[in-house]
């Protein structure tokens, strides 16, 4: 899916391809390509390689140690990294917390926390959702009560992605229960090694603890870990969510996944012909590719607007909905193309024992990916909620 690049952008694409060819560890790329899980050391290793090149914080200004890439450069990285089977960059510190601190944090917070995100000293996770506050996030109940130079935090967060690896969590907490829900929320940075913090894994269908519950029992958090003003956290939360949703389109990942579907469909026969020649299957492939091209163009436009100084609102919701639908359609096409090879999605296939089945195209993890990516239409704000936002704004009701 090549767009019309300038000579400078084509040169950047060549530089990036050479970097990925020379610097991406083969064993890590092989894990990504075959659908096996990456461990913490794999992800930290790739982050360190990118940081050494100055390409880790792609969306950060140079003043904060970032690459300050254009929207097109970031699109090129997304596509080329996915094609090379590079791991995704863990977004919580870099793409979520970083922009919040750069916009709303104090100089002291920026000087302390931003370099630690870059050099890997801190692994951040996100403390937003609660058992009774998912899409209705403003109804959260985790409390933070001011006690001298600390807040005392009590409550529970859930669906905390990769929380088992994190040493820090940025949290939305209720600091004033007597006002309108959105007006009593604050944004706190919490050390997960503090007494009273407990992480409990949630085991998914493929056996992995990708998400977790995080419990807080009388956890003391220094007041200087409050970002911005007390009770203004909802403003910062919305700013972060627009950046999160913009990144959920996953153009590069979708393009690489669709290429894998085509490989499977060429190898799999249906009525004596390659499955890709089946009219119904080919029409579905063509439709998702059209949708993906349209989304790539929209993503570039929206990210460009954000880079010019604004945070996307309605557009981020549109990207989130469409991106999740495209990725789930590709997962379904992969499952159908793999046929019976998609069945062994349990631990032996996910962990790489593909020699147990005659599957040279590594179709074993297809079903695991299909089931895991059901979550795409829920996290980051469910698609139903995002459609409501879109309808409200387009009908003139505001955000």
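Being modelled with pLDDT of 95 or more, surrounded by fewer than 21 Cβ atoms within 10 Å (Cβ to Cβ) and over 30 Å from residue 302 (Cα atoms) is a property that does not hold for residue 268.
The set of residues in the range 289-303 being buried (at least 20 other Cβ atoms within 10 Å of the Cβ) and farther than 20 Å from residue 69 by Cβ consists of 292 alone. Residues in the range 7-19 that are touching a residue at least 60 places away in the same chain (Cβ under 8 Å) and surrounded by fewer than 17 Cβ atoms within 10 Å (Cβ to Cβ): 9, 17.
Return the only residue of 380, 339, 352 being out of contact with any helix residue (DSSP H, G or I) (no Cβ under 7 Å at 6 or more places or on another chain) and either modelled with pLDDT of 70 or more or closer than 30 Å to residue 127 by Cα (or both).
339
In a residue-by-residue description of the range 42-58, the property of being under 30 Å from residue 208 (Cα atoms) and modelled with pLDDT under 95 applies to at least one position. If the condition is being part of a helix (DSSP H, G or I) and in contact with a helix residue (DSSP H, G or I) (Cβ under 8 Å, 6 or more places away or on another chain), then the range 1-26 contributes 9, 12, 13, 16, 17, 19, 20, 23. Being in a strand (DSSP E or B) and either surrounded by 16 or more Cβ atoms within 10 Å (Cβ to Cβ) or in the same structural domain as residue 82 (by TED's automatic domain parsing) (or both) is the requirement here; does residue 261 meet it? No.
The values are calculated or read from the model by the stated rules, or taken from the named source; none is laboratory data. Small disclaimer: the values here were computed from a predicted structure and weren't measured. In this analysis, Cβ positions are derived from the backbone assuming ideal geometry, glycine residues included, and neighbour counts consider all displayed protein chains.
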